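Some notes on the structure that comes next.
Read-outs throughout are calculated quantities, based only on the coordinates presented, and are distinct from any laboratory measurement. Nothing here was measured: the structure is a model prediction, and the numbers come from that model. For neighbour counting, all protein chains shown are included, and Cβ atoms are generated from backbone atoms with ideal geometry for every residue, glycine included.
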Amino acid sequence: MNLLSIIIAGIFSVLSVAFIVLLVVAITRNLETGKRYRQDIARQLSKLRLARMLGIHHIDPDAYLHGQPVLSIRDQMKRCSECASTKACDKLLDEGVGDPSGFCENDETLRKVRGKLDPAA
């Protein structure tokens, strides 16, 4: 091996190590960002009636947050926050039942989610 080959091999080795280190750092940051994002969604969810609806449907909130696409969760949260039937919803939630009357736009979706998360249900 001549000197030029050794220098090129050394540069390649340094660049490879730098790439691996930067890749690990980027993956770690992305995981932490995703974790904080899901925690933020969980905080927002806890303030909505939707969180109580998860309980009515026997859906674990963590499984829900990690098993559903974020856009679907956001859509469900939006529908819940914009709902005009809050009195009827509170009554059903206090009774511990789902929505037999069909006014809740999330009820059918949550039934499907429960079926996906717990096929035995």
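Computed quantities for the displayed model
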| quantity | calculated |
| --- | --- |
| Per-residue [θ]222 nm for the chain (sum of -39500 (n - 2.57) over DSSP H runs n ≥ 4, rounded to 500) | -25000 deg cm²/dmol |
| Cα centre as origin, Lys/Arg/Asp/Glu Cβ charges: segment 1-47 dipole, Debye | 420 |
| Alpha-carbon gyration tensor eigenvalues x 5, square-rooted, for the chain, Å | 51, 14, 10 |
| Net charge dipole size for segment 49-121 [Lys, Arg +1 and Asp, Glu -1 on Cβ; Debye, nearest 20] | 140 |
| Rel. contact order, % - alpha carbon contacts under 8 angstrom, at least six apart, segment 25-121 | 32 |
| Ordering of 65-76, 47-58, 28-39 by packing [mean C-beta count within 10 Å, highest first] | 47-58, 65-76, 28-39 |
